[in-house]
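All remarks here apply to the structure that follows.
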Amino acid sequence: MKKVLVIVGPTAVGKTSLSIELAKKFNGEVINGDSVQIYKALNIGSAKVTEDEMKGVKHHLLSFKNPDEPFSVAEFQMLVRNKIDEITKRGKLPIICGGTGLYIQAVIYDFRFEKEERSEDFMKKYENTSNEVLHQILFQIDDKEAKKIHINNRRRVLRALEIYEKNKKTKSELINKQKDKPLYDAYIVGLDMDRKRLYERINKRVDLMIENNLLEEVKSLYDKGYRVNAIGYKEFNDYFDNKITLDEVIKNIKKNTRHYAKRQLTYFRNKLDIHWYRVDVMERDELTQDIVKNVKTWINI
C-alpha cells in the first residue's frame, strides 16, 4: 500500500502550519483537503494558505475551479488519488491536509460512486413532486443525509433517493459500510484542543479576516454575480441586500464557524481512524516533535 500522511481537525486548530512543517521534515508535498479552497478568488474567507506560508513546499489542488463551477466528492477522489500516485512516483510523501471529512474519507477508503444516469421511470416518478415533499420523503428514509442537503437542492435530494431505491440502503449506511476498506497505508493526525480555546481562536481569526479585507473579497465576487454558499461568504448576502449590519455578518460568521468546527470533530471521530493530538497541552515545538517521532515509526525511518 502507498503511504499517505493525513492531517485533519476542526477549522482554526493549526493544520496548515503543521502540514508544512511535516512536509519539510519528510520530503513531502501537500494536497488540499478542503472543499472551499479548490475555488479561485475564495482566499481570505477560506483561510487559504499563501505563497509565503508555503515556505517553498509544493501544494496541489488549490484554486483550480471558478466559484460557479460544480464539484463533486467523486471528482475530488479521482484528482487526489492521481496526485498521490504522482507524488509517490517522485519519491516524495503525499500529505493531505484539510477539514472536509467526507472528501478525505472518500480518498482513503474504498468509496465507489455510480454515474448519475437516472432511469426514465425514476424521473417520471418524482417529476411532479415539489422540493418540499421530496426533501420530506428523504428525511423519512435517511434523516442524516437530509439534514446535509438544502431543501431546494433538488439534484442532491433525488440522488440520495435514487441510491436508496437501487441499493435498499441509505447513503449513510453505504458510507459506513465502506469505512473499513482502506486503500492506503494512512497515518491520520488529528489536531484538537479545548473547545473554549478553539472558539476563541475561531473568533480571533474571523476578526483578522475582516482586517485583511474579507468584505472586499466577497463584494468582488458578489458584483460578478457569484453567490458562494460557504461559511465566510454566504453571511454577506443579506448585508449586500441591506437586511443586516456588518456587525451582524461578523457575528454570524463566527457562530456558523463554531458550529462547523463542532460538526467536523463529530465526523472525524465517527468516520476515521485517527491519532489524536491536543495542541493546547504542550508547547508547539514539543507537539511537533512528538508527531514527528510517531510518523518516523510509521514510515520505518
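The values are calculated or read from the model by the stated rules, or taken from the named source; none is laboratory data. Just so it is clear, the structure is predicted and the values come from calculations on it, not from any experiment. With ideal geometry, Cβ positions are generated from the backbone for all residues, glycine too; neighbour counts draw on all protein chains shown.
Which residues, counting only those in segment 1-44, are touching a Pro at 6+ places or on another chain (Cβ under 9 Å) and of a type in the set (Lys, Arg)?
LYS2, LYS3, LYS40
When you go through (1) assigned by TED's automatic domain parsing to the domain that holds HIS150; (2) within 30 Å of THR297 (Cα to Cα); (3) not hydrophobic (A, V, I, L, M, F, W, C) one by one for ASP192, which number turns out not to apply?
Every listed condition holds for ASP192 apart from (1).
Restricting to segment 265-301, and then to whatever is in a loop (DSSP other than H, G, I, E, B) and among the acidic types (Asp, Glu), can you tell me which residue is surrounded by the fewest Cβ atoms within 10 Å (Cβ to Cβ)? Spell out how you get there, then give the answer.
Taking segment 265-301 as the starting set, the residues that turn out to be in a loop (DSSP other than H, G, I, E, B) are 272-274, 279-283, 300-301.
If we keep only those that are among the acidic types (Asp, Glu) too, we end up with 273, 280, 283.
Working: ASP273: 13, ASP280: 14, GLU283: 9.
Taking the candidates together, the pick is GLU283.
Can you tell me which residue is modelled with the lowest pLDDT among those in segment 159-195 that are farther than 30 Å from ALA12 by Cβ and hydroxyl-bearing (Ser, Thr, Tyr)?
So the residue we want is THR170.
Look through segment 102-154, keep the residues that are closer than 20 Å to PHE76 by Cβ and among the hydroxyl-bearing types (Ser, Thr, Tyr), and return whichever of them is modelled with the lowest pLDDT.
TYR109
Modelled with pLDDT of 95 or more and on the phi > 0 side of the Ramachandran plot: which single residue out of ASN212, ASN242 fits that description?
Values: ASN212 fails: on the phi > 0 side of the Ramachandran plot.
ASN242 is the lone residue from the list that is modelled with pLDDT of 95 or more and on the phi > 0 side of the Ramachandran plot.
Which residue out of GLY99, GLY91, GLY56 is out of contact with any helix residue (DSSP H, G or I) (no Cβ under 6 Å at 6 or more places or on another chain) and in contact (Cβ under 8 Å) with a residue 40 or more places away in the chain?
Numbers: GLY99 fails: out of contact with any helix residue (DSSP H, G or I) (no Cβ under 6 Å at 6 or more places or on another chain); GLY56 fails: in contact (Cβ under 8 Å) with a residue 40 or more places away in the chain.
Unique residue meeting the criteria: GLY91.
To keep it simple, each residue is scored yes or no on (1) farther than 23 Å from ASN66 by Cβ; (2) charged (D, E, K, R).
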{"site": "GLU216", "(1), (2)": "no, yes"}
{"site": "TYR222", "(1), (2)": "no, no"}
{"site": "ARG227", "(1), (2)": "no, yes"}
{"site": "ASP238", "(1), (2)": "yes, yes"}
{"site": "LYS255", "(1), (2)": "yes, yes"}
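Could you list, ordered by first residue, the pairs with Cβ atoms under 6 Å in which the first is in segment 225-245 and assigned by TED's automatic domain parsing to the domain that holds MET209 and in a helix (DSSP H, G or I) and the second is of a type in the set (A, V, I, L, M) and surrounded by 14 or more Cβ atoms within 10 Å (Cβ to Cβ), at least 6 apart or interchain?
GLU235/VAL249; GLU235/ILE253; PHE236/VAL218; PHE236/VAL249; ASP238/ILE244; TYR239/VAL249
Where in segment 4-123 are there helices (runs of 4 or more DSSP H), lying wholly inside it, with at least 2 residues that are under 20 Å from the mean Cα position of the chain (by Cα) and buried (at least 21 other Cβ atoms within 10 Å of the Cβ)?
Working: elements: 15-25, 51-54, 73-89, 101-108.
It comes to 15-25, 73-89, 101-108.
Go through segment 224-248 and give me each residue that's in contact with a Phe, Trp or Tyr (Cβ under 9 Å, 6 or more places away or on another chain) and either closer than 20 Å to ALA41 by Cα or of a type in the set (Ser, Thr, Tyr) (or both).
TYR226, ARG227, VAL228, ALA230, ILE231, TYR233, PHE236, ASN237, PHE240, THR245
Just name the residue that is surrounded by the most Cβ atoms within 10 Å (Cβ to Cβ) out of those in segment 217-235 that are hydrophobic (A, V, I, L, M, F, W, C) and within 22 Å of ALA261 (Cβ to Cβ).
At the first step, the residues of segment 217-235 found to be hydrophobic (A, V, I, L, M, F, W, C) are 218, 221, 228, 230-231.
Checking the rest, the ones that are also within 22 Å of ALA261 (Cβ to Cβ) come to 218, 228, 230-231.
Values: VAL218: 25, VAL228: 21, ALA230: 17, ILE231: 20.
Selected residue: VAL218.
Residues checked against (1) surrounded by fewer than 16 Cβ atoms within 10 Å (Cβ to Cβ); (2) touching a Pro at 6+ places or on another chain (Cβ under 6 Å); (3) more than 30 Å from GLN289 (Cα to Cα):
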| residue | (1), (2), (3) |
| --- | --- |
| THR170 | no, no, yes |
| ALA186 | no, no, no |
| LYS196 | yes, no, no |
| ASN203 | no, no, no |
| LEU208 | yes, no, no |
| LEU215 | no, no, yes |
| ASN237 | no, no, yes |
| THR245 | yes, no, yes |
